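Below: one structure in structure tokens.
The values are calculated or read from the model by the stated rules, or taken from the named source; none is laboratory data. Please read all numbers here as calculations on a predicted model, not as lab measurements. Please note: Cβ atoms are built from the backbone with ideal geometry, for glycine as well, and neighbour counts cover all protein chains shown. Heavy atoms of the whole protein, side chains included, go into the accessibility calculation; ligands, DNA and RNA do not. Shrake-Rupley method; radii C 1.70, N 1.55, O 1.52, S 1.80 Å.
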Amino acid sequence: SFHKSKGQHILKNPLLVDSIVQKAGIKSTDVILEIGPGTGNLTKKLLEAGKQVIAIELDSRMVLELQRRFQGFSNRLKVIQGDVLKTELPHFDICVAIIPYKISSPLTFKLLFHGTSFRCAVIMYQREFAMRLVARPGENLYCRLSVNTQLYARVSHLLQVGKNNFCPPPKVDSSVVRIEPRKLGPQVNKKEWDGFLRVCFIRLNKTLGSIFKQKYVLLMLEKNFKTLQNVLGSFHNNGSIGEAAMDLGDHSIGIEDEHENEMDDDDDMDMDDGEGKTSEFKEKVINVLKEGGFEEKIASKMSQQEFLYLLSLFNKSGIHFT
Ligand code: SAM
């Protein structure tokens, strides 16, 4: 019996398994990471295609079944029992996986932040999640997840998979996506980038000009600004300003929760403080937007380059998102 809570849907169409393996472009020298091998239908083909398979599986019953099924392969198949999200990833050349959909987001970011030592990951996702990953600026499903993913990787849609290829069939259709880490990714502070995008995407259909005039956005940015000024000030007195700036660097990674606080509607936590006077800080923020021509732009239509440029303009003015 299968555990629904572990997302156990077994791919039963062998042609589809072949097609995934073929599109993954596996080399005979590859060490392959498989996540959630289940009963091992994909594992079998991966063992035929590559040099070694390292499979991470949560369910101990499945692990036993795999070990029984692949007894003769113990030198080429290593099964690790555990939660992939809590497991330190081994070295691998390529990741191929049919994952339980509820770990889609954290697993994707785990892979994206794993570095560039692997060639690519070929992963089956729920269709809508897959379409978000590959969406381009201006397309319907373009969101924070798209911008974030595409900053660290090239993504492409490989294959559509109907739900009836699984047993038991899940509620939704699936898609296989290829994720190839960018070797020369832009050097951004992950925490800052994440905070910046969260603000830009707070309202899907509002201009940056109106988002950045919201009181709580300004308060947050001003607080960061003052903290930074204080840190810089005190270090300045000690004569080591450079280190202060560096210390504000990398924090731990915020994992993407898709869309959790994006709102589509026009509810009005707007805008002016009512007294008609514009604070100095607000003016500073608006000037940055004006300088780059971003006041009238909408996040859901902006390219990654535009986001990077705007963040650099903010940073140049001492405005930070972490
Ligand atoms: N690849 C298999 C197939 O299609 O025949 C099974 C895929 S099934 C959608 C997902 C598998 O991932 C299940 O075997 C489940 O036990 C396992 N799993 C669920 N959560 C996991 C986690 N956090 N870490 C590792 N494996 C997990």
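Would you mind checking the range 150-174 for residues with the amide N under 15 Å from a putative spin-label position 7 Å along Cα→C-beta of Leu15?
The answer is 160-166, whose backbone nitrogens lie closer than 15 Å to the label point.
Using Cα pairs closer than 8 Å and at least 6 residues apart in sequence, work out the relative contact order for the range 1-136, in percent.
Numbers: 190 pairs, mean separation 32.5, N = 136.
With pairs under 8 Å counted, the relative contact order is 24 percent.
So, with +1 on the Cβ of K and R and -1 on the Cβ of D and E, and no other charges, what is the size of the charge dipole of the range 41-124 about its Cα centre, to the nearest 20 debye? Spell out each step's value before the answer.
Values: 12 positive and 7 negative charges, 36 e Å.
That gives the range 41-124 a dipole magnitude of about 180 debye.
Leaving out ligands, DNA and RNA, and with a 1.4 Å probe, what % of the accessible surface on the range 48-135 is carbon or sulfur?
Numbers: 1930 of 3870 Å².
Of all accessible area on the range 48-135, carbon and sulfur atoms account for 50 percent.
What FRET efficiency would be calculated for the residue pair Thr87, Asn315, taking the C-beta separation as r and a Förster radius of 45 Å, to the nearest 0.05?
Details: r = 35 Å, r/R0 = 0.78.
It comes to 0.80.
Of the listed pairs Lys163/Lys191; Lys12/Lys110; Lys110/Lys215, which have alpha-carbon separations greater than 30 Å here?
Details: Lys163/Lys191 36 Å; Lys12/Lys110 28 Å; Lys110/Lys215 34 Å.
Over 30 Å apart, Cα to Cα: Lys163/Lys191; Lys110/Lys215.
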